[in-house]
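To start, the structure itself, in structure tokens.
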Amino acid sequence: MDNDSVATAYTTLDGEHVAELEIKRSRFITYLRRVESEPEARALISELRKKHFDARHHCSAFLLGPDRTAMRSNDDGEPSGTAGIPMLDALAKRETSAGRTDLSDVVAVVVRYFGGILLGAGGLVRAYSESVSSALDTAPLLRRQRLRILGINSDYAAVGRLENDLRAAGVRVLGTDYGPALATLRVGLNDEGSILTTFYDRLATLSAGASSAEDLGTEWVDAR
């Protein structure tokens, strides 16, 4: 994912989830899956067309990226604007932790088995929106964070104590690489300016100025 993204954290689905509603004898089966690319999202749609080959509609919506730079929806034969857009709205406007609307990297597919009763445009909008919203009510979610990865060089004699001190201070230690002359601790910090500044000050104190940190870039991790 793009390191220049404005977002430093967002919410996504923890795996996949299925839920079902019956509305005026029509069955609405909602599939949610965590995805990280448009081909992955479209793969679920294709998979469900084969699995539910006898269903009337396979409507879909997905949003991708920490800043939700990709958003797509499809009515799949339902009247224009009555399925895909309400589904996308349900995903995009979903409140997660602390009132955030930051759900992303999720595809929703609603498979509809027509029950013989026409719902009308308003009824369809409500049905598809409710199908996704109710599925999200019971879906497992998790936070993803963008970490700034730093490498800290230390001599072998001091690296164990430095690692223990960093862990005690709440720093996420990702591992230690041992070179011919020095050991390098890799740590991950929330990618925010104030946190980085505080860390550099703490490192200087813990190592008595003997260790410095090299910026190794960023990576996204699941915060469980």
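The values are calculated or read from the model by the stated rules, or taken from the named source; none is laboratory data. Computed from a predicted model, the values in this text were never measured in an experiment. Note that we place each Cβ from the backbone using ideal geometry, even for glycine, and neighbour counts take in every protein chain shown.
The single condition among (1) part of a strand (DSSP E or B); (2) modelled with pLDDT of 90 or more that E214 does not satisfy is (2).
Give me the helices (runs of 4 or more DSSP H) completely within region 61-177, filtered to those with at least 3 residues that are surrounded by 21 or more Cβ atoms within 10 Å (Cβ to Cβ), ordered by residue number.
The qualifying helices (runs of 4 or more DSSP H) are 84-92, 120-138.
Restricted to region 25-52, and to residues there that are more than 17 Å from E78 (Cβ to Cβ) and of a type in the set (A, V, I, L, M, F, W, C), the residue that is surrounded by the most Cβ atoms within 10 Å (Cβ to Cβ) is L32.
Pairs are defined by a Cβ separation below 9 Å, a sequence spacing of at least 6 or placement on different chains, a first member in region 190-204 that is under 12 Å from T8 (Cβ atoms), and a second member that is β-branched (V, I, T) and surrounded by 15 or more Cβ atoms within 10 Å (Cβ to Cβ); the pairs so defined are N190/T8; D191/T8; D191/T218; E192/T8.
Does region 114-130 hold any residues that are of a type in the set (G, A, S) and over 13 Å from R94 (Cβ atoms), and which are they?
G115, G116, G120, A121, G122, G123, A127 - these are the residues of region 114-130 that are of a type in the set (G, A, S) and over 13 Å from R94 (Cβ atoms).
Among the residues of region 205-222, is there at least one that is touching an Asp or Glu at 6+ places or on another chain (Cβ under 9 Å), touching a residue at least 60 places away in the same chain (Cβ under 8 Å) and more than 30 Å from V106 (Cβ to Cβ)? There is no residue in region 205-222 that is touching an Asp or Glu at 6+ places or on another chain (Cβ under 9 Å), touching a residue at least 60 places away in the same chain (Cβ under 8 Å) and more than 30 Å from V106 (Cβ to Cβ).
Out of all the residues in region 102-117, is one or more of a type in the set (G, A, S) and in contact with a helix residue (DSSP H, G or I) (Cβ under 9 Å, 6 or more places away or on another chain)? Yes, region 102-117 contains a residue that is of a type in the set (G, A, S) and in contact with a helix residue (DSSP H, G or I) (Cβ under 9 Å, 6 or more places away or on another chain).
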